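The values are calculated or read from the model by the stated rules, or taken from the named source; none is laboratory data. Quick caveat: nothing in here was measured; it's all calculated off a predicted structure. Using ideal geometry, Cβ is built from the backbone for each residue, glycine included, and neighbour counts are taken over all protein chains shown.
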Amino acid sequence: MSQILIPAALALALAFAGFAVWVRLAPSDPARWHLDPATAPRPSTPNWAEVDRVVAASPETVARQIDERARAEGAVRLAEDDGFTTWIARTRLMRYPDYVSIRLTPEGEGTRIRAFSRSRFGYGDGGVNRARLRRWLPD
């Protein structure tokens, strides 16, 4: 019996390690993940969050705050154009990539923030994307 269990356990461990490496090294195609948060299709799975609100600060100030907060958590920019930016943020334990697209537009005396944060892997996110948006975005 142990002649079967030991190789099976080893194969399972190697498969898990291989998947973990692939998750960390898998390329992130901007054409797939750099999407306008106002128009991007929402996943059918509960692993995403969005924000649409106006804050009393200039777009430059809001962009600087988001940039500082994102970088402090180790996020990196995937792409930036057409008035919005997409960041790659990674989960703490497994380092799964999540994608955070943020559009800032002037509105009155403030800035409209449209943000869409979604997980690349998994069915649910345990509230990780919503919590990230709360941390990154000014009130």
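Quick one: would you say VAL128 is touching a residue at least 40 places away in the same chain (Cβ under 8 Å) and either within 21 Å of ALA40 (Cβ to Cβ) or of a type outside the set (S, T, N, Q) (or both)?
Details: touching a residue at least 40 places away in the same chain (Cβ under 8 Å): no; either within 21 Å of ALA40 (Cβ to Cβ) or of a type outside the set (S, T, N, Q) (or both): yes.
Against the criterion (touching a residue at least 40 places away in the same chain (Cβ under 8 Å) and either within 21 Å of ALA40 (Cβ to Cβ) or of a type outside the set (S, T, N, Q) (or both)), VAL128 does not qualify.
When region 80-111 is limited to residues that are of a type in the set (A, V, I, L, M, F, W, C) and buried (at least 16 other Cβ atoms within 10 Å of the Cβ), the one that is farthest from the chain's Cα centre (by Cα) turns out to be LEU104. Restricting to region 16-47, name every residue that is under 17 Å from THR85 (Cβ atoms) and among the aromatic types (Phe, Trp, Tyr). TRP33, the sole residue that qualifies. Answer with yes or no whether SER44 is exposed (fewer than 14 other Cβ atoms within 10 Å of the Cβ) and of a type in the set (S, T, N, Q). Yes: the conditions hold for SER44.
For beta carbons closer than 7 Å, sequence separation of 6+ or different chains, a first residue in region 21-47 that is on the phi < 0 side of the Ramachandran plot and hydroxyl-bearing (Ser, Thr, Tyr) and a second that is surrounded by 10 or more Cβ atoms within 10 Å (Cβ to Cβ) and modelled with pLDDT of 95 or more, the qualifying pairs are SER28/LEU78; SER28/ILE88. When ARG32, ARG77, ARG114, ARG42 are checked against the criterion of being among the basic types (Lys, Arg) and under 12 Å from the mean Cα position of the chain (by Cα), ARG77 stands alone in meeting it. Among the residues of region 81-100, are any polar (S, T, N, Q), without any contact (Cβ under 8 Å) to a residue 60 or more places away in the chain, closer than 19 Å to PHE116 by Cα and part of a strand (DSSP E or B)? Yes.
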